[in-house]
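Enquirer: Provided herewith is a single structure, encoded as structure tokens, for subsequent inquiry.
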Amino acid sequence: MIISIASGKGGTGKTTVALLMALSNPNAAVLDCDVEEPNCHLFLLPTWEEEQPIEIMIPQLNKEKCTGCGRCSEVCLFNAIAVGSNKALLFDELCHSCGGCLLVCPNEAWTESRKEIGKVRQGRAIDVVPGARLISGMLNIGVPNAAPLIKANIYLEL
Ligand code: SF4
Ligand code: SF4
């Protein structure tokens, strides 16, 4: 069974409710999906057993191949590509990894590269709730799009 505790203004007690539920069930696995500022570990005091970096796809430009036609910029719904001086320019913090630019470029000027956006850690709260597991995502500073890390946090548990 999965119980989600979500939404609500900060300070309303989501973490408190989630942790009290974990306290009542030593077989519980707590997923802290507040990846921008996780805090369940401050209460459960887990011993971390595993840490996994999470990466997303980011396009990389081969400037030699780019003719500045602008197709990639037109197809990018997130305005992550501009074209100036007959060359494309990527603003990777705006990229949502859809891969559209790779598909439309007539010169195959884009290739895929990887960018680490954060980590997911797994551990056990040995002292506070013996046996309870904690899975907690931590977004890197400056990364604007938390969704891929939240998904990774959930899928690692499922
Ligand atoms: S579609 Fe390809 S050739 Fe055209 S601007 Fe973008 S990278 Fe350059
Ligand atoms: S992968 Fe998608 S979001 Fe990222 S730059 Fe290319 S078209 Fe834009």
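The values are calculated or read from the model by the stated rules, or taken from the named source; none is laboratory data. Just so it is clear, the model here is predicted, and its values are computed rather than measured. Positions of Cβ are backbone-derived with ideal geometry, glycine not excepted, and every protein chain shown enters the neighbour counts. When the accessible area is computed, the model is the full protein with side chains, heavy atoms only, and any ligands, DNA or RNA have been set aside. Shrake-Rupley method; radii C 1.70, N 1.55, O 1.52, S 1.80 Å.
Enquirer: Please enumerate the residues belonging to the stretch 126-144 that are β-branched (Val, Ile, Thr) and over 13 Å from GLU51 (Cβ atoms).
Expert: Across the stretch 126-144, the qualifying residues are ILE126, VAL128, VAL129, ILE141, VAL143.
Enquirer: Say we look at the stretch 91-105 and pick out the residues that are more than 6 Å from ligand 2 (Cβ to nearest atom) and outside any helix (DSSP H, G or I); which of these is most open to solvent (accessible area, probe 1.4 Å)?
Expert: Looking at residues that are more than 6 Å from ligand 2 (Cβ to nearest atom) and outside any helix (DSSP H, G or I), I get PHE91.
Enquirer: Further question: Six or more apart or on different chains, Cβ atoms under 6 Å: show the pairs whose first residue is in the stretch 57-84 and modelled with pLDDT of 95 or more and of a type in the set (Lys, Arg) and whose second is away from ligand 2 (no atom under 13 Å from the Cβ) and open to solvent by less than 90 Å² (accessible area, probe 1.4 Å).
Expert: LYS63/LYS87; LYS65/ASN107
Enquirer: Out of LEU31, LEU23, I need the residue that is closer than 23 Å to ARG124 by Cα and either acidic (Asp, Glu) or open to solvent by 90 Å² or more (accessible area, probe 1.4 Å) (or both). Which one?
Expert: Testing whether each residue is closer than 23 Å to ARG124 by Cα and either acidic (Asp, Glu) or open to solvent by 90 Å² or more (accessible area, probe 1.4 Å) (or both) leaves just LEU23.
Enquirer: Return yes when VAL35 is within 18 Å of the chain's Cα centre (by Cα), within 17 Å of PRO148 (Cβ to Cβ) and assigned by TED's automatic domain parsing to the domain that holds ALA125 and no when it is not.
Expert: yes
Enquirer: Filter the stretch 67-90 for residues that are of a type in the set (A, V, I, L, M, F, W, C) and in a helix (DSSP H, G or I); which is nearest to LYS115 (Cα to Cα)?
Expert: CYS72
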